[in-house]
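Below you'll find the structure, written out as C-alpha cells, and then a few comments.
The values are calculated or read from the model by the stated rules, or taken from the named source; none is laboratory data. Just so we're clear, the structure is a prediction, and the values are computed from it rather than from any experiment. Glycine gets a Cβ as well: all are built from the backbone with ideal geometry, and neighbour counts include every protein chain shown.
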2 protein chains.
Amino acid sequence: MTSALLTDRYELTMIDAALRDGRHRRSSVFELFARRLPAGRRYGVVAGTGRFLELLRDFRFGAAELDWLRHENVVSPATVDFLADFRFTGQVHGYREGDLYFPGSPLLVVEGGFAEAVVVETLALSVFNYDSAVASAAARMVSAADGRPLADMGSRRTGERSAVAAARAAFIAGFGATSNLEAGRTWGIPTMGTAAHAFTLLHDSEEQAFQAQIDALGVGTTLLVDTYDITEGVATAVRVAGPELGAVRIDSGDLAPTVAAVRAQLDALGATGTRITVTNDLDEFAIAGLRSAPVDSYGVGTALVTGSGAVAAGMVYKLVAHHDGAGGWVSVGKKSEAKATVGGRKQPVRRLVDGVAVEETIYVEDPPVGAEAGRALLVELVRDGVVDEDALGAAGTLRARQHHATAIAELPIEAQSLGRGDAAIPTVYR
Amino acid sequence: MTSALLTDRYELTMIDAALRDGRHRRSSVFELFARRLPAGRRYGVVAGTGRFLELLRDFRFGAAELDWLRHENVVSPATVDFLADFRFTGQVHGYREGDLYFPGSPLLVVEGGFAEAVVVETLALSVFNYDSAVASAAARMVSAADGRPLADMGSRRTGERSAVAAARAAFIAGFGATSNLEAGRTWGIPTMGTAAHAFTLLHDSEEQAFQAQIDALGVGTTLLVDTYDITEGVATAVRVAGPELGAVRIDSGDLAPTVAAVRAQLDALGATGTRITVTNDLDEFAIAGLRSAPVDSYGVGTALVTGSGAVAAGMVYKLVAHHDGAGGWVSVGKKSEAKATVGGRKQPVRRLVDGVAVEETIYVEDPPVGAEAGRALLVELVRDGVVDEDALGAAGTLRARQHHATAIAELPIEAQSLGRGDAAIPTVYR
C-alpha cells in the first residue's frame, strides 16, 4: 500500500490551484517544528526521521490512487496527470534522529518545488508528532529508571501500526526491548514476553501452568505470579523452576511493598538471582517512585505509547521561504498572534560550554561562521530526492539510539528532573 | 503486509507452551471489555469491529514471518509448523459496531481453541482501544455541536495509519467528513479541505492566493482568512469571490467574538449565505462554548484523534471460560483485587423502559428468557472462521454509523452532559 493517500485533501487541492500558473514549481522551504514543549517538559526527543524517509521514498500515486482521485473529482485532470509522475526530487535536512529539540527547533527542513514540499506535510507531521511524543516520554522513563532496563509492552494501547512505531521510538530513547514482534522484524529491536494470566487460567492449577511454561521456555523464563495470590505464586514458581528461575513478573497491586516482600521471599527461598519485573500501569513518576524498591526491570504500556500525557508532540509544518521568481528568496510567516512563525531559512546550532548545552541558537538567514558556535544540528537526509540510506532500517534505528545517548548526555543535570519547568535551554534567534 | 506479527511475543510463546500437551486446542472463551469508563464519562462507543474483522480474516503467517520466527527462535519448530497452517476457525460475537458500552460490557466474545483465540488478543485490543477511544470522544463532540456538522482534521496529530482509523471512528460516531484521503478511499467517508496558510504565503498577496483558489475550486470553496488580518481577509475574500463565496475558515484567535464579528461583516457585505467554519484546537468543551456563536461547522483535530484526554479506552481481553476436557465449561477469572474478572459466558442485554435505556444487564451463564429482558446486544460476527461480510468495508462502516444513531437515542437525556459523572446506566450482573 502506498503512502500517497495518507494525507489531507487540501494538500492536493492546493497543488491543483497552484498548478494553473506554474507556481507549484516555485522553490519553497518548509520547516517542521514545535512551537512549545508539552507543559512542564524540559526537552523533546526527535523520532520518526527514519520512518518518514522510507515513506517519502515510497510516496507514489499508483493507478488505484489516481483512479480514485479522478473518480471522486478531488483534483482536476491536469493535477491527476501531474501526480501520476510525482516523485520527491528535493532536499531534506534535519536534526539527526534521536537528537533533542526545543521550542522552535527546525528539526526537519524540506526544500523543493511548492507542490512536492507541501504534499508531504500531513505524512511528515503524523510521523513526527506521534513518534516524537513517544520518544520524549520514553526518555523521561529511562531517566527515572536510573539504569534499570525498560521494555515496551504498550502495543495493545495504541493503533496496531502506531504500536510498531512506538516500539521503535522507545528503543531510540533508550528502552531495551519490546513485546511487539513486527517491531522486532522491521526495526531489529529485541523482543520479549512469556505469558499472560490467560495461560495460567487455562490450566488446572498455577503449578501446572508454570511447569508447562518451563518445559517450553526453560527455567530462565519469567513467570507471572499474580493470577491468584502473589505469595503462593512465588512459592510455587520457585518450587517448580528451582532457584535458577529467571524472573517473576508482577502486574497488579501496590508495587513498592509487594516488590520488597517478593524479593525477601525469593532470597529466603534461595532464588537470589531471580529477577523481579513489574508491569502495572507504569509511567515515569511510578518508575521514579520505585527507585528504592528492588525492581530489576520495568514493562511499560499505556503511558509510553500515549506520550505520558502529551500524545501529540504539537509539531507544525510551515512555509518559511520561497523564491520570488527572480532568483531571490522571500521570507514568509503567518502573522496571527499565538501562531506566528519566524520566516526565513535557518541554521540551528546547539551551543555548548564545557560540553554542556546552554542554548539552542537559531541563526536566521546568516549561518554562523567557525566552530566556536557549537554543534551544528542539521544534517543532509535527502539530496535531489535520494534518501540517505544510513538513516533507514534497523541500522538507522540503532544509529539514532546511539546518537540519542550522546545528545542527552549534553543536557544540564536539571533537565532530568521530572518536575514541571521550562525548557532545559533557551531558544535564541540570532 | 500480513497482520500476524502485529502482536505481542507472549501470544506466541503461550501457544508454544500449550502445544506440548494439546491444550492449545482446548475450547476457550475470551471477552474484550473495559473495566471502567474514562474518568467522568457517561458512555463509550464501540468502534473498530469492522477493521478488526478484516485483520482477523487476513491473519496468516506467511513464509517471511515464519522465517523470521524460526531465525529468532521465538518459538519451537513445532509451533512454527502450527502457525504455518494457522487460520482462525472459531466464533466471534460482539456488540454491533457503533453501539454503546459501559463498564464490563462484553463487546467482543471470541470462542475457539485456546491458541486461535489468544493469538488475536493484542491485535483486537490495539484496534478496539484506539478506535473506541476516538469514537467515544467524537460522540461527545457531535452532541456538543448540536446538529452542526463536524469534520475530522486530525490526521497530522496521530500515527499515519491510526489517522485512517480515527477518521472512520469519528464518522461512525456522527462526524460528517474527514480530511484524510485514504479514509475516503478505504471506508467511503466524504473528504473535505481546501487550502492551508502556506498557500496564501506562496502568493504575492492574499488576494492573489484567493483568486488562484477560486479559479481552481470555484466560488463555493472555503477560503482561509486568518493568515494576516481576519477583517481584511474577509473583505478580500468577498471582493474576490463575490457574495456567493461558500465559506470562510478561521483557524486562530478567540473564536466566539471573532466568529460573531466575521458573521456581521459577511452579512454587511451581502454574503449572507457564506458559511463560517472554525478549526482552532477544538474539543467538546470548546464546541459547546460556541453554541451561541454563528458557527456553521467545526473541524476538529488533536482532541478527536487523541480521544480528548482518554486516548486508550482501557479495554482488556480476558479468558472467562474453557472446556474442562470432559465436555463441560469451567468459568475462570483472575482474582487479584482491582483487576478481578467476572468469569463465565455472558449474555448482555440493554434493558429499556419506554425506549430509554435503564440498565446494562449481563446474564452470566444463564441467558435471559423472553423478550421482556430488553435489547440483546451480541450479534454473530464470525461463524466457523467466516466473517460476516455485512460488517466490512464502506457499507459496514455506514451501517455502524446508522446503528450508533439508534443506540445513542436510547440513552437518558442526562447522558449527553459533558460534565463528569457516573456511567449513564448501571451495569448489573444477573
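Tell me, yes or no, whether the range B:136-147 has at least one residue that is at the interface with chain A (Cβ under 9 Å from one of its Cβ atoms) and touching a Gly at 6+ places or on another chain (Cβ under 7 Å). No.
To keep it simple, each residue is scored yes or no on (1) of a type in the set (A, V, I, L, M, F, W, C); (2) touching a residue at least 40 places away in the same chain (Cβ under 8 Å).
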{"residue": "B:Val300", "(1), (2)": "yes, yes"}
{"residue": "B:Leu304", "(1), (2)": "yes, yes"}
{"residue": "B:Leu319", "(1), (2)": "yes, yes"}
{"residue": "B:Gly325", "(1), (2)": "no, yes"}
{"residue": "B:Val330", "(1), (2)": "yes, no"}
{"residue": "B:Arg345", "(1), (2)": "no, yes"}
{"residue": "B:Val349", "(1), (2)": "yes, no"}
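Being more than 20 Å from A:Arg96 (Cα to Cα), in contact with a strand residue (DSSP E or B) (Cβ under 7 Å, 6 or more places away or on another chain) and not in a helix (DSSP H, G or I), is that true of even one residue in the range A:122-137? The answer is no, given that none of the residues of the range A:122-137 is more than 20 Å from A:Arg96 (Cα to Cα), in contact with a strand residue (DSSP E or B) (Cβ under 7 Å, 6 or more places away or on another chain) and not in a helix (DSSP H, G or I).
A:Ala167 satisfies every condition listed in (1) touching a strand residue (DSSP E or B) at 6+ places or on another chain (Cβ under 7 Å); (2) small (Gly, Ala, Ser); (3) in contact (Cβ under 8 Å) with a residue 40 or more places away in the chain except (3).
Can you pull out the residues in the range A:83-97 that are in a helix (DSSP H, G or I) and away from chain B (no Cβ under 13 Å)? Within the range A:83-97, just A:Ala84 meets the criteria.
For B:Ile250, indicate whether it is without any contact (Cβ under 8 Å) to a residue 60 or more places away in the chain and away from every other protein chain (no Cβ under 14 Å). So B:Ile250 does not fit the description; no.
What number of residues within the range A:1-44 are in contact with a strand residue (DSSP E or B) (Cβ under 6 Å, 6 or more places away or on another chain) and closer than 30 Å to A:Pro426 by Cα? Of the residues in the range A:1-44, 9 are in contact with a strand residue (DSSP E or B) (Cβ under 6 Å, 6 or more places away or on another chain) and closer than 30 Å to A:Pro426 by Cα.
Residue by residue, here is whether (1) surrounded by 15 or more Cβ atoms within 10 Å (Cβ to Cβ); (2) in the same structural domain as A:Leu378 (by TED's automatic domain parsing) holds:
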| site | (1), (2) |
| --- | --- |
| A:Thr236 | yes, no |
| A:Ala241 | yes, no |
| A:Glu244 | no, no |
| A:Arg249 | yes, no |
| A:Leu269 | yes, no |
| A:Leu290 | yes, no |
| A:His323 | yes, yes |
| A:Gly333 | yes, yes |
| A:Val353 | no, yes |
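With the condition kept exactly as written, say whether any residue in the range A:330-342 is out of contact with any Asp or Glu (no Cβ under 9 Å at 6 or more places or on another chain) and modelled with pLDDT of 90 or more. No: the range A:330-342 contains no residue that is out of contact with any Asp or Glu (no Cβ under 9 Å at 6 or more places or on another chain) and modelled with pLDDT of 90 or more.
For the range B:60-79, what are the residues that are aliphatic (A, V, I, L, M), part of a helix (DSSP H, G or I) and under 34 Å from the mean Cα position of the chain (by Cα)?
Here is the first cut: in the range B:60-79, the residues aliphatic (A, V, I, L, M) are B:63-64, B:66, B:69, B:74-75, B:78.
Still in the running and part of a helix (DSSP H, G or I): B:63-64, B:66, B:69, B:78.
Once the filter is applied, which keeps residues that are aliphatic (A, V, I, L, M), part of a helix (DSSP H, G or I) and under 34 Å from the mean Cα position of the chain (by Cα), the range B:60-79 yields B:Ala63, B:Ala64, B:Leu66, B:Leu69.
Checked against (1) of a type outside the set (Lys, Arg); (2) part of a helix (DSSP H, G or I); (3) without any contact (Cβ under 8 Å) to a residue 40 or more places away in the chain; (4) within 11 Å of chain B (Cβ to nearest Cβ), A:Gly159 passes all but condition (2).
The set of residues from the range B:10-59 being more than 11 Å from chain A (Cβ to nearest Cβ), of a type in the set (Val, Ile, Thr) and in a helix (DSSP H, G or I) comprises just one member, B:Thr49.
Regarding B:Met192, is this residue at pLDDT 95 or above, surrounded by fewer than 24 Cβ atoms within 10 Å (Cβ to Cβ) and hydrophobic (A, V, I, L, M, F, W, C)?
Criteria met by B:Met192.
Here A:Lys318 meets each of (1) over 20 Å from A:Gly193 (Cα atoms); (2) surrounded by fewer than 22 Cβ atoms within 10 Å (Cβ to Cβ) with one exception, condition (2). Residues considered: A:Ala216, A:Ala195. Of these, the only one that is in contact with a helix residue (DSSP H, G or I) (Cβ under 8 Å, 6 or more places away or on another chain), assigned to a loop (DSSP other than H, G, I, E, B), within 8 Å of another protein chain (Cβ to nearest Cβ) and aliphatic (A, V, I, L, M) is A:Ala195.
Listed conditions (1) touching a residue at least 40 places away in the same chain (Cβ under 8 Å); (2) under 25 Å from A:Val110 (Cα atoms) are all met by B:Gly174, apart from (2). Filtered by the rule that a residue be among the small types (Gly, Ala, Ser), touching a residue at least 24 places away in the same chain (Cβ under 8 Å) and surrounded by 14 or more Cβ atoms within 10 Å (Cβ to Cβ), the range B:41-96 gives B:Gly44, B:Ala47, B:Gly48, B:Gly50, B:Ser76, B:Gly90, B:Gly94.
Among what's in the range A:166-186 and is crowded, with 24+ Cβ neighbours inside 10 Å and more than 19 Å from B:Ser162 (Cα to Cα), pick the residue that is nearest to the other protein chains (Cβ to nearest Cβ). It comes out as A:Ser179. Being charged (D, E, K, R), modelled with pLDDT under 95 and assigned by TED's automatic domain parsing to the domain that holds A:Leu150, is that true of even one residue in the range A:205-213? There is no residue in the range A:205-213 that is charged (D, E, K, R), modelled with pLDDT under 95 and assigned by TED's automatic domain parsing to the domain that holds A:Leu150.
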